[in-house]
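Colleague: My questions will all concern the structure given below.
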Amino acid sequence: MIYNFMRLIVFFDLPVITKSDRHAYSVFRKYLIKQGYMMMQYSVYCKIFNNMDAIENHIKNLKKHIPKDGSIRAMSVTEKQYSKIVILLGGKTLNEEITNMDPVIKM
């Protein structure tokens with residue numbers, strides 16, 4: 001079976017004014033982490049999937065766990081597209097460094 005690895009990037013802007021807002025934000029963020037997402041930046045998380053079918057199934061489940069207020073967007077990209085991200089300021093996160101390591105052991 002051929003896998004076409006893809007990434008799902010989730011962008012969110014959730015209110016944190018009231019105590020219930022902060023709780024909803026925290027629950028959603030913890031849900032993403034539990035599902036295997038890694039943080040790229042504040043409120044931007046991504047996860048690797050085997051193919052587009054897996055992403056579509058995951059989005060159906062993700063919709064069941066979103067808070068009632070705010071803005072949440074998801075974008076799927078291929079690994080090739082993701083690898084072309086240009087960092088304009090700052091650097092790679094520790095998670096990005098680990099997941100982008102060369103899998104070939106060099107001696």
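Colleague: Using label points projected 7 Å from each Cα along Cα→Cβ, tell me how many nm separate Val27 and Ile98, to one decimal.
Modeller: Roughly 2.8 nm, to one decimal.
Colleague: Helix 52-63 against the longest principal axis of the chain: what's the angle in degrees, Cα atoms only, rounded to the nearest 10?
Modeller: 20
Colleague: So which of Lys19/Lys92; Lys47/Lys92; Lys60/Lys80; Lys34/Lys60; Lys19/Lys63 end up more than 27 Å apart, counting from Cα to Cα? Numbers along the way, then the final one.
Modeller: Values: Lys19/Lys92 32 Å; Lys47/Lys92 16 Å; Lys60/Lys80 25 Å; Lys34/Lys60 16 Å; Lys19/Lys63 23 Å.
Among Lys19/Lys92; Lys47/Lys92; Lys60/Lys80; Lys34/Lys60; Lys19/Lys63, the Cα-Cα distance tops 27 Å for Lys19/Lys92.
Colleague: For the chain, what is the convex hull (Cα atoms) projected area averaged across all directions, in square nanometres? If you can, show how the numbers build up before the last one.
Modeller: Numbers: hull surface 35.5 nm².
Hull-based average projected area comes out at 8.9 nm².
Colleague: For labels at Leu88 and Ala74 in the simple 7 Å Cα→Cβ model, what's the distance in nm?
Modeller: In this crude spin-label approximation the distance works out to 2.7 nm.
Colleague: At 222 nm, what helix-only mean residue ellipticity would the chain give, in deg cm²/dmol to the nearest 500, using -39500 (n - 2.57) for each DSSP H run of four or more?
Modeller: Numbers: 4 runs with 38 residues, N = 107.
-10000 deg cm²/dmol, from helical runs alone.
Colleague: Can you send over the carbon and sulfur percentage of the accessible area for region 12-72, probe radius 1.4 Å, protein chains only? Walk me through the intermediate numbers first.
Modeller: Working: 2220 of 4140 Å².
For region 12-72, the apolar C and S fraction of the accessible surface comes to 54 percent.
The values are calculated or read from the model by the stated rules, or taken from the named source; none is laboratory data. Bear in mind the structure is a predicted one, so any value in this text is a computation, not a measurement. Every residue, glycine as well, gets a Cβ built from its backbone with ideal geometry; the counts of neighbours run over all protein chains shown. To get the accessible areas, we keep the full protein, side chains included, count just its heavy atoms, and leave off ligands, DNA and RNA. Shrake-Rupley method; radii C 1.70, N 1.55, O 1.52, S 1.80 Å.
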